[in-house]
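The values are calculated or read from the model by the stated rules, or taken from the named source; none is laboratory data. Remember, predicted model here, so these are calculated numbers, not experimental data. Cβ atoms come from the backbone with ideal geometry, glycine included; neighbour counts cover every protein chain shown. Surface areas here come from the heavy atoms of the whole protein model, side chains and all, with no ligands, DNA or RNA. Shrake-Rupley method; radii C 1.70, N 1.55, O 1.52, S 1.80 Å.
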Amino acid sequence: MARALLEAGIVPDLVLGTSIGAINGAAIAADPTPQGAQRLIRTWDALASGEVLGGSLLGRVGRIVRNGTSLHDSDDLRRLLLEHLPASRFDDLVVHFECVDLAVVVAPLTLTVAALVCLATRSGLPLRTARLLVAYAWIELFVLPRLITAEEDDWDALLREVLDGLYRAMRRTLDVGVAVQGGSVPDAGLRGDGGVIVLARHCGPGDSVFLAWLLAVHHGLRLRVVLTALLRLEPSIDLAGDHLPLCFIGPRRRRARACVEDVARSMTSGDALLLFPEGQNFSRPRRRRALADLRDSGAFRRERRARRHTHTLPPRIGGTFAALTGAPDADVVLLAHSGFADDGRDRPVWRLPTHRTLLVHTTLVPSAEVPRHDDDAMSAWLDDAWARVDDWIATTVDDDGPAAATRPRRTA
């Protein structure tokens, strides 16, 4: 159709693209001529020929096992687009072009349907979920062009904008927030000469957004984060990794440790590396598997000790070791929080937290008190530190009850 219009002399004043149509739209906006349309056809012919999306079923399975994010190599697609598309920047396009997020386009219909479902089920969950999805789509639409053009003077400021937008959206929609318990580390204590390594518990989807907001926005630190490689499936996070010190962890342990050590190595005062030693969200089945793994590996002493801790998973040693090795002068902050469940443990993914406050407590461990040159001593230190985190959760949630998380004053 585009070729027919262009051959008839009809040139658009504006091109809009959604999903895969964004590639087609960018190609037409870059060269709104019959020759440009023919070049786009050749691009899709190259895709169909198997250069990018080819390969055996076994090869595709092997790739997703290795990198944990995709069936095909994104570098091949990137290379093909650079070869066939006549422009690589928005400023180089001949016709004005805009990407459209489908979630934003259908937002009125989505919210209307969600409201009707709420009336039928007598539950506010569908509408809250829809509002969150639409808010996330708006934030992504705001940040994607800035990530693509890559003209930001301060990428940390952009990260703070995004985190603050996400935090405010969740607070308005779900009535959830963050409170810092008295006796936690003050701002001045988070600005050691070598930066800080923040070891935080992981309990339920979404808590990492609140913790990142706390460090980057509330405390004003320059944030570095260790994330699962699966998050690279989200375009904004994937592009952010090109401009921010983010470390995406896949199944290859040696590569993962090298990535963490590299991100930690350049830290200075005002930097914070957020790391989740448990490696995954807490759940009871995961706790049972983790204890079984310790027992099967012969770490009977660690297994017996970890069995006493019922709110956290046994900490994984590799990532923490890499961070401490890469940043030998960094202080360590232990970050415990109450979670969003009544018992301080896990909650189902589909059960959104509402009308709750995430109570956070931080403890500073000066750099000189952290053993870095003895693997056994470092492992024992980490187990001791995580026992303190688990004890705080047990005391705060079990003794005071879930209402305790609503008493401290919110940070924002």
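Estimate the FRET efficiency between Asp45 and Leu364 by the formula 1/(1 + (r/R0)^6), using the beta-carbon distance for r and 60 Å for R0, to the nearest 0.05.
With a Förster radius of 60 Å, E is 0.50.
For the stretch 258-356, run through the GluC sites (Glu not before Pro) and keep only the ones in DSSP coil with at most 13 other Cβ atoms within 10 Å of their Cβ.
Working: sites: Glu261, Glu278, Glu303; in loops: Glu278.
Here no loop site has a sparse enough neighbourhood.
Whole-Hz ³J(HN,Hα) for each residue in the stretch 138-149, computed from phi via Karplus 6.51 cos²θ - 1.76 cosθ + 1.60 with θ = phi - 60°, x for glycine and proline: what do you get?
5, 5, 5, 5, 6, 8, 4, x, 6, 6, 6, 6
Between Arg3 and Ala87, how high is the FRET efficiency from 1/(1 + (r/R0)^6) when r is the Cβ-Cβ distance and R₀ = 22 Å? Nearest 0.05.
Numbers: r = 19 Å, r/R0 = 0.84.
Approximately 0.75, to the nearest 0.05.
Taking amide hydrogens as modeled 1.01 Å from N in the peptide plane, which residues meet the under 5 Å criterion relative to Ile249, leaving out close sequence neighbours?
Leu227, Thr228, Ala229
Extension gain Val11-Val209, at 0.36 nm per residue separation less the Cα-Cα distance, in nm? Don't skip to the answer; put the middle values down first.
Working: separation 198, 0.36 × 198 = 71.28 nm, distance 4.42 nm.
Answer, rounded to one decimal: 66.9 nm.
So what J values fall out for the stretch 309-326 if you push phi through Karplus, 6.51 cos²θ - 1.76 cosθ + 1.60 with θ = phi - 60°, rounded to Hz, Gly and Pro as x?
Ordered by residue, 3J(HN,Hα) equals 9, 9, 10, 9, 8, x, x, 7, 7, x, x, 5, 4, 4, 5, 5, 6, x Hz.
Could you list which residues have their amide H under 5 Å from that of Asp271, counting only those 5 or more apart in sequence or on another chain, with H placed in the peptide plane?
Residues meeting the amide H criterion: Gly195, Val196, Arg222.
In a Debye calculation with equal point scatterers on the alpha-carbon sites of the stretch 152-260 and no solvent, what is log10 I(q)/I(0) at q = 0.11, 0.12, 0.13, 0.21 Å⁻¹?
-0.39, -0.47, -0.56, -1.42
Name the residues whose placed amide hydrogens come within less than 5 Å of the amide hydrogen of Val332, ignoring near sequence neighbours (fewer than 5 apart) on the same chain.
Ile197, Val365, Ser367
Out of the total accessible area of the stretch 171-223 (probe 1.4 Å, heavy atoms of protein only), what percent is carbon and sulfur?
Taking all protein chains in place, the stretch 171-223 shows 49 percent carbon and sulfur surface.
Please give the length that would be gained between Arg289 and Arg253 if that part of the chain were fully extended, namely 0.36 nm times their separation in residues minus their C-alpha to C-alpha distance (nm, one decimal).
Working: separation 36, 0.36 × 36 = 12.96 nm, distance 1.88 nm.
Residue separation times 0.36 nm, minus the Cα-Cα distance, leaves 11.1 nm.
Can you work out the Karplus-derived ³J(HN,Hα) for every residue in the stretch 213-230? Use 6.51 cos²θ - 1.76 cosθ + 1.60 with θ = phi - 60°, whole Hz, and x for glycine or proline.
4, 4, 6, 7, 9, 5, 8, x, 8, 7, 9, 10, 9, 9, 10, 6, 5, 4
Given 0.36 nm per residue, what is the gain on full extension from Asp376 to Thr149 after removing their alpha carbon distance, in nm?
Here the segment from Asp376 to Thr149 would lengthen by 77.0 nm.
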